[in-house]
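The values are calculated or read from the model by the stated rules, or taken from the named source; none is laboratory data. A quick note: this is a predicted structure, and the numbers were derived from the prediction, not measured. When we count neighbours, we look across all protein chains shown, and the Cβ atoms used for this are built from the backbone with ideal geometry, even at glycine. Keep in mind that these areas ignore ligands, DNA and RNA; they rest on the heavy atoms of the full protein, side chains included. Shrake-Rupley method; radii C 1.70, N 1.55, O 1.52, S 1.80 Å.
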Amino acid sequence: MRRLPLLVPAVAVLLAVSGCGAEKADVGARGGVASASPVSDPGVDGVRITSVRLPPAPSPRPSGDYVVRPDSLARVTAAYEVVNKGPQTMTYTVTVSFRSAAGEALDNREVTVKAVAPGRTVTGTVEAIGVAGAVTAKVIKAAKVPTAEAPSQGGACPASGIRVYADRGDAAMGLRVVGIHLENCGTTPYSLDGYPELTLLDDQYRTVEGIEILKGTGDIPMAPDSAPPRPITLKPGERASAGLAWRNTTGFGDASNVPYVRVRAKSGADPVVISPDLDLGTTGRLGVGAWEREER
């Protein structure tokens, strides 16, 4: 994929959690323990922050000076809870916003909670380090996909022999771009020829109609055109990528938002559901580029 220019830097920390998490006390220079305060967070789709642990107070020396461990400085830990009330095992990608006392968003962190079974509650923690002034946290986004179709960026190679996932994308002046990445993590060559197959889904994973999917990104205003399709064979360990491009501008009519996209690398491939949150405005068009080899 001809990479689009980086428009907005992404700052996030990805933590994978597959079971119940445990909080650890943060001990200061002379044994002070950081306190955990309950948080009133309504949450998003069964995911909420339950408490926030702030850095311990610094320990005074007899001279009146203070000693603070460097790794305790501005370290804020948020405890979260994920409750799966649905009928199938789901994998969650949760965005936590760390905020000041006045409610100002200071930084976001992302955590992936894998394979939460129906009716199960999973807990864990996520940290913000070096974010001065953060005293509370809240969940601002919770994307969930069936674990059988969850994207994979690391860990054990899926049975299909390929990993498929989306990056965090870029945005500027109404243009939105997201990259879809594919890695051959198997033991045999993997061939591609053309475009990934896309199915747009709503928040109940039902097909969204009325959106035109364009082959190529050149007809999306301000988006550079993607390269024409050509056959690619990926050896084990090699990668390819394809781009999505759209505009979120609005005019006449109802705006469209598509939270999920089911991706098949090619016809007959195992599906993977990504969550690019396509805010399409009233344009009603999405451009997709052809697969291109990623050069290392």
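Arg163 is checked against (1) assigned to a loop (DSSP other than H, G, I, E, B); (2) over 30 Å from Ala36 (Cβ atoms); (3) free of Cβ contacts under 8 Å to residues at least 40 places away in the same chain and fails just one. What number does that condition carry?
Failed condition: (1).
So Gly130 clears everything in (1) modelled with pLDDT of 95 or more; (2) at positive phi except one condition, right? Which one?
Checking Gly130 against (1) modelled with pLDDT of 95 or more; (2) at positive phi, the one that fails is (1).
What pairs come out if I take residues in the stretch 73-100 that are open to solvent by 30 Å² or more (accessible area, probe 1.4 Å) and pair them with residues that are among the hydroxyl-bearing types (Ser, Thr, Tyr) and in a strand (DSSP E or B) whose C-beta lies under 6 Å away, six or more apart or interchain?
From the stretch 73-100, the pairs are Glu81/Thr50; Glu81/Thr123; Val83/Thr121; Thr93/Thr112; Arg99/Thr136.
In the stretch 191-233, what count of residues is obtained for those that are in a strand (DSSP E or B) and within 26 Å of the chain's Cα centre (by Cα)?
Residues in the stretch 191-233 being in a strand (DSSP E or B) and within 26 Å of the chain's Cα centre (by Cα): 11 in total.
Return yes or no: is Thr136 among the hydroxyl-bearing types (Ser, Thr, Tyr) and over 19 Å from Leu198 (Cα atoms)?
When the stated conditions are applied, Thr136 passes them.
Just one of the numbered conditions (1) touching a residue at least 24 places away in the same chain (Cβ under 8 Å); (2) closer than 20 Å to Ala143 by Cβ is not true of Gln204; which one?
That leaves (1) as the condition not met.
Among Leu214, Leu234, Leu200, which is in contact with a Lys or Arg (Cβ under 9 Å, 6 or more places away or on another chain) and closer than 13 Å to Arg262 by Cβ?
The conditions single out Leu200.
Can you find even one residue in the stretch 202-210 that is among the small types (Gly, Ala, Ser) and open to solvent by less than 70 Å² (accessible area, probe 1.4 Å)?
no
Can you tell me which residue is modelled with the lowest pLDDT among those in the stretch 43-58 that are out of contact with any Ser or Thr (no Cβ under 8 Å at 6 or more places or on another chain) and open to solvent by 20 Å² or more (accessible area, probe 1.4 Å)?
Pro58
Results for (1) assigned to a loop (DSSP other than H, G, I, E, B); (2) under 19 Å from Met173 (Cα atoms); (3) touching a residue at least 60 places away in the same chain (Cβ under 8 Å); (4) of a type in the set (S, T, N, Q), shown as yes or no for each residue.
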{"residue": "Thr250", "(1), (2), (3), (4)": "yes, yes, no, yes"}
{"residue": "Asp254", "(1), (2), (3), (4)": "yes, no, no, no"}
{"residue": "Val263", "(1), (2), (3), (4)": "no, no, yes, no"}
{"residue": "Gly268", "(1), (2), (3), (4)": "yes, no, no, no"}
{"residue": "Leu280", "(1), (2), (3), (4)": "no, yes, yes, no"}
{"residue": "Thr283", "(1), (2), (3), (4)": "yes, yes, no, yes"}
{"residue": "Leu286", "(1), (2), (3), (4)": "no, yes, yes, no"}
{"residue": "Arg296", "(1), (2), (3), (4)": "yes, no, no, no"}
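Return the residues of the stretch 169-190 that are modelled with pLDDT of 95 or more, buried (at least 16 other Cβ atoms within 10 Å of the Cβ) and in a loop (DSSP other than H, G, I, E, B); say none if nothing qualifies.
Cys185, Gly186
Mind listing whichever residues of the stretch 108-125 are within 15 Å of the chain's Cα centre (by Cα) and surrounded by fewer than 22 Cβ atoms within 10 Å (Cβ to Cβ)?
Across the stretch 108-125, the qualifying residues are Asn108, Glu110, Thr112, Lys114.
Residues of the stretch 63-94 being at pLDDT below 70 and among the β-branched types (Val, Ile, Thr), which ones?
Val67, Val68
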